[in-house]
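Read through the structure below, which is laid out as structure tokens, and then see the notes.
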Amino acid sequence: MNEELIIAGFGGQGVLSMGKILAYSGIMEDKEVTWFPSYGPEMRGGTANVTVIVSDERISSPILHEFDTAIILNQQSLDKFEKAVKPGGTLLYDPNGIVNPPTRKDINIYKVEGTKTAVEMGNPKVFNMIVFGSYLKVKPILKIDNVEKGLEKSLPERYHKLIPLNLEAIKKGQEIVDAVNVV
Amino acid sequence: MGDLRLMKGNEVLAEAAIRCGCDGYFGYPITPQSEVMEMLMFREPWNETGMKVLQAESEVAAINMLYGAAATGKKVLTSSSSPGISLMAEGISYIAGAELPCLVINVQRGGPGLGTIQPSQADYSQAVKGGGHGDYKMIVLAPSSVQEMNDFVDLAFELAFKYRNPAMILTDGAIGQMMEKVELSDYKKRWTDEEVIEKWGSWATTGKPSSRERNVITSLELDSEKMEANNQRFQKKYRQMEAEEQRYETFQIEDAEYVLVAFGTSARVCQKSVEIAREKGLKVGLLRPISLFPFPKNIIGELAPKVKGFLSVEMNAGQMVEDIKLAVHEAGCTRRVEFFGRMGGIIPTPGEVVDALEQNFLKE
């Protein structure tokens, strides 16, 4: 198993932390992982992205230009990364704020109403975990037990009381995936 | 078995410094390495191991604090990024001239000038050829993973004390900012003055006992005859480093017709390039220099007669390629040595490297 993933959106959407939880969950499942963020002026411009690789093998390049999966949370990131998904790969996106939805026919495309669902759940902050749940549904690369352990590892202890809420969000995310295009 | 964590390269540098029994850190913040000092301040090692951490008023102050502390036989380090290292270059020259051990970490960014804050390897020549004035060398180690960011801190100090010479970890913004799985080292106790004397000799200014002459730490010697003798001693030391400390790693080199040579982040990229090239049926391997000074020229000399050519892949305009050419020449060979690189903070893609290889060697 070798999953090369990019998560991209606005700063504050929990892009980097979603990547971190995924990476930690990978470690819990004894995988090799890398987490490489955009940093500096890119982030100050409002967009944030992180490349995460989860693999059974030693990871060569941590910096990638094409991806198995892209999780896209805003229009700028969609414009930039839709073309970077490998043919036959997967793109998940939240339609909130998306004016021009993805159009490629050679990749799997899934729509996730993450923002809307988070509001319905009464907690906009769990948005990233809803999307993460959808990702795990589409790409079940990790066991949910290990995701729970990953959450424990990556969240400071004072936030551990929020783990059940996060798990609930992940579960919700698994339920609301909408397949737009499947190859 | 140490402690298994997911951490940024920069954070690991800080953690490794605490755990290897470091006595002090002096530094000044600069992107992309500010997490080193942030982590040290967060960890408050002065409560745990007694290690001191101080944010100086400038890089020039930091390197001179390092000079002073190193003169007393303490295990001390600083870290910065490219423009900050240039500011430290004078101090590094003094430390080399005074023959003191210390660790300087350069988490490189793109230059010249203030440049960019994205990853670069454009300080290769500055690190291995000198950087400051005078005929001096640093031991330069180039990690290519977060794990090696941990491992090389201790190694760099061992080498620095063994040779009484400044050592540098030359890394870049990619490895500094990246998180990977890392097994942290076990804690080592900080050395006492007595332990330093026992292990490394009594050169440090730890207080003069009646049993020996006073120790004088200086790089100044106005008598040219004596200064030349000092230089001869330094050169002998550098030749010994070249004889004993060449470090490297190879990847799929056994049957390789073409060898990519790359260090640090570009070596990680090239590992992927080797995978891509092999899928295309090209016999390509990778040589990754770990010590940049001393440059691993012996292995290049060994490989040269067996291969058709070398491609140096760097995140600069072509600096290490000169050392590869020298090594091939010294081995009495005439193999082609070509270069591919990106500059200004751009990391080459694995595919670009394969294209460059084909362009240089396979399309006559």
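The values are calculated or read from the model by the stated rules, or taken from the named source; none is laboratory data. Just so you know, these numbers come straight off a predicted model, no measurement behind them. Cβ placement follows ideal geometry from the backbone for every residue including glycine, while neighbour counts extend to all protein chains displayed.
Assorted remarks:
- Taking first residues from segment A:73-87 that are among the hydroxyl-bearing types (Ser, Thr, Tyr) and partners that are outside any loop (DSSP other than H, G, I, E, B), the Cβ contacts under 7 Å between residues at least 6 apart in sequence or on separate chains come to A:Ser77/A:Ala8; A:Ser77/A:Gly9; A:Ser77/A:Thr47; A:Ser77/A:Asn49.
- Taken over segment B:167-189, the residue count meeting the criterion of being crowded, with 24+ Cβ neighbours inside 10 Å and more than 30 Å from B:Ile346 (Cβ to Cβ) is 0.
- Within segment B:275-316, being in a helix (DSSP H, G or I) and over 23 Å from the mean Cα position of the chain (by Cα) holds for B:Glu275, B:Ile276, B:Ala277, B:Arg278, B:Glu279, B:Glu302, B:Leu303, B:Ala304, B:Pro305, B:Lys306.
- Residues of segment A:65-96 that turn out to be within 13 Å of another protein chain (Cβ to nearest Cβ), touching a strand residue (DSSP E or B) at 6+ places or on another chain (Cβ under 9 Å) and surrounded by fewer than 20 Cβ atoms within 10 Å (Cβ to Cβ), as a count: 3
- Any chance A:Ala8 is at the interface with chain B (Cβ under 9 Å from one of its Cβ atoms), touching a Phe, Trp or Tyr at 6+ places or on another chain (Cβ under 8 Å) and not basic (Lys, Arg): no
- Out of B:Ala256, B:Ala331, one residue alone is buried (at least 16 other Cβ atoms within 10 Å of the Cβ) and in contact with a Lys or Arg (Cβ under 6 Å, 6 or more places away or on another chain). It is B:Ala256.
- Given (1) exposed (fewer than 15 other Cβ atoms within 10 Å of the Cβ); (2) within 14 Å of another protein chain (Cβ to nearest Cβ); (3) modelled with pLDDT under 95, number of the condition A:Asp56 does not satisfy: (3)
- Any hit, segment B:345-363, residues being touching a Pro at 6+ places or on another chain (Cβ under 9 Å), closer than 26 Å to B:Pro166 by Cα and either more than 14 Å from chain A (Cβ to nearest Cβ) or in a helix (DSSP H, G or I) (or both): no
- A:Thr90 being within 14 Å of the chain's Cα centre (by Cα) and either part of a loop (DSSP other than H, G, I, E, B) or not small (Gly, Ala, Ser) (or both): yes
- Of the criteria (1) under 14 Å from the mean Cα position of the chain (by Cα); (2) within 19 Å of B:Asn316 (Cα to Cα), which one B:Ser79 fails: (2)
- Condition met for B:Met41 (out of contact with any Cys (no Cβ under 6 Å at 6 or more places or on another chain) and either at pLDDT below 95 or in a strand (DSSP E or B) (or both)): no
- Residues being in contact (Cβ under 8 Å) with a residue 24 or more places away in the chain and closer than 20 Å to B:Met179 by Cβ - total across segment B:39-54: 3
- Subset of segment A:135-162 (residues that are outside any helix (DSSP H, G or I) and either buried (at least 18 other Cβ atoms within 10 Å of the Cβ) or charged (D, E, K, R) (or both)): A:Lys139, A:Ile141, A:Leu142, A:Lys143, A:Leu155
- The listed residue being in a helix (DSSP H, G or I), in contact with a helix residue (DSSP H, G or I) (Cβ under 6 Å, 6 or more places away or on another chain) and away from chain A (no Cβ under 12 Å), out of B:Lys272, B:Lys237: B:Lys237
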